[in-house]
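Data block below; observations after.
Bear in mind that the values in this text are calculations on the coordinates, not laboratory data. None of the values given here were measured: they were computed from a predicted structure. Backbone-built Cβ (ideal geometry, glycine too); neighbour counts: all protein chains shown.
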């Protein structure tokens, strides 16, 4: 797995979304254009993030990401 893909995968496992909107400025911008401050995706719901992690563990995806991370240290 290439490093950029690994970083994206880690972000998905961490936040439930590959492109987190973790700055208030993003939330303000979304609101300004008529969108909800937090998008209706997995990052909004803790239980959805947990499901993503469970799927990653069952499929071995978490190990694939983990192994790449350890090899590069």
- Ranked by how many other beta carbons lie within 10 Å on average, peptides 44-50, 14-20 from highest: 14-20, 44-50
- At R0 = 30 Å the Cβ-Cβ FRET efficiency linking residue 1 and residue 47, nearest 0.05, sits at 0.65
- Task: Give the share of C-alpha pairs in each 5 angstrom bin for the range 3-71, from 0 to the last occupied bin, in whole percents, shortest bins first.
- Result: 3, 17, 22, 20, 15, 11, 7, 4, 1
- What is the packing order of peptides 1-7, 28-34, taking the mean over residues of other C-beta atoms within 10 Å and listing the highest first? 1-7, 28-34
